[in-house]
């Protein structure tokens with residue numbers, strides 16, 4: 001993504017924290033976030049202006065998305081508030097098919113006249129592009145849903161929680177980290193509410209209210225004499241939840257085999273910040289890893305990113321077909337491998353599902369951005385590749401006649417396209433705890449949290465770091481490690497998956513700003529798993545002297 | 001049209017400022033018109049046009065500030081946005097790092113705007129796509145590309161009388177060419193302020209050649225190799241080096257530029273003495289705005305001279321804390337080239353790798369500026385002074401600091417992504433594994 005597509009909001013850690021500019025809007029007062037948007041009847045009549053205009057201009061299909069996107073971001077460092085940002089973005093996007101070709105236009109002039117003009121623009125773009133179109137659009141059929149609605153089932157609406165309470169919580173977390181020996185701490189809260197109204201000529205009028213939240217921080221410990229510094233980031237996950245995620249419920253905590261706490265559907269930021277400071281200090285003197293082969297025990301908040309990069313992305317059908325060749329790349333998981341029906345993506349215990357309905361997940365919605373009711377489907381079953389991630393204008397290529405329901409646009413201002421659904425590893429079927437898993441490992445490394453990540457443009461070769469690393473020797477955790485990264489090949493890695501813990505350990509990892517497309521759009525997506533073991537991974541030492 | 005002239009921008013800002021009742025006020029007005037075309041599978045996939053304009057008003061009472069934005073500029077809207085920013089300021093916590101707005105400044109006249117680029121039409125974009133797709137199709141190659149062009153302006157007025165204005169144009173083009181047997185891939189990037197310098201056919205031909213030449217790459221052992229980096233590859237890695245010049249993180253002890261025992265590496269030799277890096281908003285090949293976001297004038301600034309760190313960037317707050325003059329962050333990066341031609345670089349190489357570009361670069365260790373990533377779209381083995389054959393892509397783990405200490409030769413400078421970087425030959429570049437990706 002180009003730097004000019006980002007807005008710098010505050011310094012986080014050693015670098016500046018950049019937010020995609022599309023995740024902004026007009027700055028407003030926090031109280032204004034609670035103002036109601038348009039009522040449903042008005043939205044329906046405005047959407048009908050777009051649909052009727054499109055029809056009258058000869059479009060064979062049209063959809064309209066009226067979006068009100070509300071964001072609240074809070075940034076602090078140590079004992080200071082750096083920024084509180086409240087934004088609102090409101091407008092309509094109209095997409096049409098004319099002469100077998102897509103056209104799209106958007107406007108923030110949400111009046112009959114403004115919508116008519118945008119629709120005319122969309123139709124004229126479609127007609128102009130149809131002259132060089134070689135593959136007319138084929139849409140999979142979709143059910144007419146009539147007038148329906150869906151809401152993220154939240155307990156506490158972030159908009160109703162005073163800013164002062166949020167600021168206080170972050171400053172308390174910062175103070176806890178400083179008291180525990182941190183030299184620096186930056187913390188942030190991202191909160192998003194998407195109010196989306198979708199209507200299409202296929203007979204659906206869908207009103208949705210979606211909430212997401214992401215608390216995060218970076219804690220740094222410094223040894224001035226040695227000229228060394230180490231950072232430990234939060235072990236939170238961005239979630240499709242309300243402000244209740246910040247409650248820090250004891251019942252949602254899990255003990256890691258290295259003794260610190262991990263979090264499921266409720267996050268204790270003060271406790272995690274305290275642990276982070278202690279761990280960052282410990283990292284300053286922790287042992288540097290001996291490179292070689294290790295069995296890896298990967299915690300869900302780490303493994304989620306590996307799933308995202310090595311399964312979620314390569315199974316996006318638009319990548320497989322070459323539509324992303326100039327940017328994100330293509331995919332090793334080509335159609336011939338899928339058609340063969342026996343491509344061993346992973347070992348027999350690897351079952352990976354796509355699911356747009358999973359509670360608490362970032363990708364959960366009732367209907368996608370082209371009016372398809374969301375669902376759950378298999379991507380990898382018993383280690384074999386069985387399906388892709390596809391939307392209405394793609395599934396016919398797979399010989400399927402039902403969209404997977406994973407179409408998304410980051411705002412009313414951008415055209416919707418295929419995005420990654422939540423992609424998750426099913427937990428092991430037999431009862432098996434993390435403690436038992438550690439006991440079974442002779443020479444290994446336990447990795448928790450996300451770190452540095454890099455993967456090639458066809459998703460074969462990857463390298464991952466992590467947040468914290470612990471050495472496992474003869475069934476026991478013996479101490480912290482530094483400078484760890486593992487390199488592998490996607491197919492080799494998933495075929496080395498030897499054990500997966502049971503559902504008691506299952507948790508979600510999330511990515512809040514996943515980028516794709518040109519011009520680039522962000523999307524938020526979750527990945528669930530239980531802790532899993534991968535045998536004989538190649539671990540390198542990333543320490544250097546300069 | 002969202003591109004206001006200096007006079008129009010000033011009039012809007014002065015009108016808005018007349019409504020201000022705060023202790024201090026800073027207003028930023030900006031607008032842009034941009035268009036793009038995207039193609040893949042040898043056909044156009046999407047095309048778009050965007051027009052944006054916005055006024056951001058930051059009002060301050062003491063150390064309490066609030067910002068409000070608006071995209072309509074009639075008198076009523078201007079007054080509304082000023083009042084809203086004042087209300088928000090009163091509700092905000094104090095910012096201990098608040099700085100009073102700067103007084104009036106004198107800026108150099110920028111050279112970032114070229115009328116021809118502002119006049120690009122949808123037809124021109126379609127022609128670019130056609131000029132890229134047609135030559136690909138005849139060579140059994142599939143093109144996927146993206147052209148993005150735009151014109152924009154930004155203006156600033158504050159309650160201490162500072163006024164700044166700049167307008168600029170940009171065009172960015174990339175295309176990936178893949179052979180239809182799936183074994184070869186080539187790529188090219190071009191960016192200019194002036195569209196008349198852009199030739200889609202010439203650029204596309206390079207990517208097609210690379211795709212054809214890179215077919216059926218052989219696997220060779222990863223390890224340490226002499227590399228010849230095309231400017232795009234050099235830019236991929238050196239671009240990441242820029243963030244290290246932040247004085248604050250260096251002073252705080254959490255940067256590569258922090259020194260053992262305290263202090264920073266300012267004045268220390270950190271790379272080969274042939275390395276000279278500076279920024280210059282008036283360079284004709286890579287012009288940039290002559291003022292920074294906080295209103296400071298941007299001048300030619302030397303960052304590395306003969307391998308020695310000459311400057312770190314200080315924002316106004318940190319400069320005031322450290323008792324130094326503020327130094328704005330670089331708007332572009334210019335690295336001095338050398339007189340070794342590309343052919344000479346190849347000829348003088350006994351065993352090495354030619355790299356077109358790097359991909360998916362991520363920080364591994366901020367302490368040493370270690371990065372990982374992969375080669376992509378044209379990687380070739382050089383032996384006894386000749387390009388022998390394409391090789392499979394490598395993953396690297398390398399630091400630009402180590403790389404610039406292992407410098408062998410410098411060549412011609414080329415503009416990449418708004419920066420001007422030379423071809424460079426570097427010994428002992430660390431490749432750690434192989435990738436099957438094409």
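Quick note: the coordinates plus some simple rules give every number you see, no bench work behind them. Being a predicted model, the structure only gives us computed values, none of them experimental. Because the Cβ atoms are built from the backbone with ideal geometry, glycine has one as well, and the counts that use them run over all protein chains shown.
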What is the stretch B:6-211's relative contact order, in percent, from Cα pairs under 8 angstrom and six or more apart in sequence?
23
What share of Cα pairs, in percent, lie more than 21 angstrom apart in the stretch B:217-300?
53
Output for the stretch A:182-339 (equivalent-ellipsoid semi-axes, sqrt of 5λ from the C-alpha gyration tensor, Å, descending) is 36, 26, 16
Which angle from 0 to 90°, rounded to the nearest 10, does the C-alpha axis of helix B:122-138 make with the longest principal axis of chain B?
10
Length added when fully stretched, residue A:111-residue A:249, from 0.36 nm per residue minus Cα-Cα
45.1 nm
Quick check on the exposure proxy: order A:275, B:264 from fewest to most C-beta atoms within 10 angstrom.
B:264, A:275
Across the stretch B:8-56, what fraction of all alpha-carbon pairs, as a whole percent, falls in each successive 10 Å bin from zero upward?
19, 32, 19, 15, 11, 4
When you have a sec, figure out the Kirkwood radius of the stretch A:442-487 from all distinct Cα pair distances and drop it here in Å to one decimal?
11.5
Send over the per residue convex hull volume for the stretch A:148-258, Cα only, as a whole number of Å³.
163
Fewest first, what order do A:63, A:112 take by the number of other Cβ atoms within 10 Å?
A:112, A:63
For the stretch B:6-211, what is Rg from Cα atoms divided by 2.2 N^0.38 Å, rounded to two decimals?
1.37
Give the distance, in whole Å, between the Cα centre of the stretch A:410-442 and the Cα centre of the stretch A:23-102.
30
Separation of the residue B:23 and residue B:5 label points, Cα + 7 Å toward Cβ, nm
3.9
Relative contact order of chain A (C-alpha contacts under 8 Å, at least 6 apart) in percent is 15
So what's the gap between the Cα centers of the stretch A:332-381 and the stretch B:233-255, to the nearest angstrom?
40
When the Cα atoms of chain A are enclosed in a convex hull and the volume is divided per residue, what value in Å³ results?
143
Estimated D of the stretch A:129-210 in µm² per second, where Rh is the Kirkwood radius over Cα pairs and Stokes-Einstein applies at 25 °C, 0.890 mPa s
138
Tail weight of P(r) past 28 Å, computed on alpha-carbon pairs of the stretch B:300-438, percent:
28
I'd like to know how the stretch B:117-262 sits against the 2.2 N^0.38 Å rule of thumb: what's its Cα Rg over that expected value?
1.48
May I ask you to give the average projected area over all directions of the convex hull of the Cα atoms of the stretch A:287-541, in nm² rounded to one decimal?
12.9
If I model the stretch A:265-405 as equal point scatterers sitting on the Cα atoms and use the Debye formula, what is log10 I(q)/I(0) at q = 0.11, 0.12, 0.16, 0.17 Å⁻¹?
-0.59, -0.68, -0.99, -1.06
Ellipsoid equivalent to the protein assembly as shown - semi-axes via the Cα gyration tensor, in Å:
37, 35, 33
Largest-first principal axis extents, alpha carbons of the stretch A:275-326, Å
48, 28, 22
More than 24 angstrom separation, counting every C-alpha pair in the stretch A:329-456; what % is that?
43
Against the rule of thumb 2.2 N^0.38 Å, how large the Cα Rg of the stretch B:78-178 comes out
1.79
Expressed to two decimals, chain B has a Cα Rg over Rh, using the Kirkwood radius, of 1.01
Tell me the angle of helix B:200-213 to the major Cα principal axis of chain B, expressed in degrees between 0 and 90 and rounded to the nearest ten.
40
How compact and how long is the stretch B:251-332, expressed as Rg and Dmax of its alpha-carbon atoms in Å?
13.7, 42
If you take the Cα atoms of the stretch A:232-302, find Rg, then find the Kirkwood Rh from the mean of 1/r over all pairs, what is Rg/Rh?
1.03
Assertion target for B:115, B:252, B:79, ordered by fewest C-beta neighbours within 10 angstrom first, is B:115, B:79, B:252
In whole Å, how far is the Cα centre of the stretch A:204-235 from that of the stretch B:374-412?
35
Rounded to the nearest 10 degrees, what's the angle between the helix B:6-17 long axis and the longest principal axis of chain B, both from Cα atoms, 0 to 90?
50
Just want to confirm a number: the relative contact order over chain B, from Cα pairs under 8 angstrom separated by 6+ residues, in percent.
15
Can you list, largest first and rounded to whole Å, the semi-axes you get for the stretch A:417-505 by taking the square root of 5 times each eigenvalue of its Cα gyration tensor?
24, 19, 12
